[in-house]
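Got a structure for you, written out below as structure tokens; questions coming shortly.
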Amino acid sequence: MTKKILNQNSKYDQSFLNKVEPKFEFSNKPINRLKIVKENSNQNKSEKEERILSLKKKINSIEDCNLRNNSKNLVMGDGDINSPIMLIGEAPDKKEDLEAKTFCGDVGVLLSKMLLAIKIKREKVYSTYSINFRPPNDRKPTTQEIKRYSIFLKEHISIIDPKILILMGSTAMEAVTGLNNQISNERGNWKEIIIGNKTIPLIITFNPSYLIRYPDKKKFSWEDLKKIRKKVEDLNITI
């Protein structure tokens with residue numbers, strides 16, 4: 001049997017290639033893979049925005065909801081919709097209800113400082129609430145309210161598709177995990193939750209509004225933040 005020697009430096013036989021696959025195209029120009037990634041990212045962002053808009057309409061159509069009836073705005077979410085980190089707070093207060101944004105005022109300032117302490121800019125994360133409407137007099141949401149809105153929250157998480165979840169406050173903890181223990185017993189430990197057939201690591205920590213009222217708890221929050229930084233590095237997350 002005689003082996004045929006192939007000339008690796010020869011040019012492609014275009015007529016042969018057309019017989020095998022007429023859709024072959026050749027170019028001397030290099031492939032701009034960065035452009036392809038950017039186009040895919042834009043398509044992904046557009047799809048997420050459409051799904052969030054649909055979810056927002058669904059939440060706004062809830063019937064017999066005292067929270068919705070007593071609020072000025074639905075507070076959906078802020079930040080980078082394609083972020084690998086999703087931060088979930090408890091519920092809007094008066095200022096956030098008026099501005100239809102998450103974590104406003106002193107609470108927002110503290111949150112930004114907390115994230116910057118672990119080299120994360122707040123605009124690079126996506127933040128939302130467990131409850132999308134302000135409870136009357138800024139009271140804590142009831143267990144019934146938390147359960148009612150947890151369905152929408154988990155759909156929200158599925159849309160954002162984060163690599164890490166940060167749950168701030170007991171309401172967020174109960175809404176996502178179902179736990180209603182004291183947050184001091186659950187904070188600081190990595191857990192996992194399955195949403196949409198995907199396992200997502202999560203950590204529970206104090207809400208910034210709680211830290212403003214009880215500044216002595218900031219030392220525990222700092223320990224949680226350091227664990228978040230380590231998880232970001234362990235998962236090779238770029239943010």
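Output the residue which, of all residues in segment 129-140 that are surrounded by fewer than 22 Cβ atoms within 10 Å (Cβ to Cβ) and touching a residue at least 12 places away in the same chain (Cβ under 8 Å), is farthest from residue 170 (Cα to Cα).
The selected residue is 136.
When segment 184-213 is examined, which residues are found to be charged (D, E, K, R), surrounded by 16 or more Cβ atoms within 10 Å (Cβ to Cβ) and in a helix (DSSP H, G or I)?
Of everything in segment 184-213, just one residue is charged (D, E, K, R), surrounded by 16 or more Cβ atoms within 10 Å (Cβ to Cβ) and in a helix (DSSP H, G or I), namely 186.
Moving on. So, residue 179, is that one surrounded by 13 or more Cβ atoms within 10 Å (Cβ to Cβ), in contact (Cβ under 8 Å) with a residue 40 or more places away in the chain and either touching a Ser or Thr at 6+ places or on another chain (Cβ under 7 Å) or over 24 Å from residue 73 (Cβ atoms) (or both) or not?
Judged against the criteria, residue 179 is not a match.
Given the criterion at pLDDT 95 or above, acidic (Asp, Glu), in a helix (DSSP H, G or I) and surrounded by 15 or more Cβ atoms within 10 Å (Cβ to Cβ), identify the matching residue among 216, 224.
224
Give all pairs with beta carbons closer than 6 Å in which a residue from segment 74-85 that is over 7 Å from residue 126 (Cα atoms) meets a residue that is modelled with pLDDT under 95 and not in a loop (DSSP other than H, G, I, E, B); count only pairs at least 6 apart in sequence or on separate chains.
Taking only residues 6 or more apart or on different chains, the pairs are 74/60; 82/45.
The values are calculated or read from the model by the stated rules, or taken from the named source; none is laboratory data. Remember, it's a predicted structure, so these values are computed and weren't measured experimentally. Counting neighbours? That spans all protein chains shown, and the Cβs are built from the backbone with ideal geometry, glycine included.
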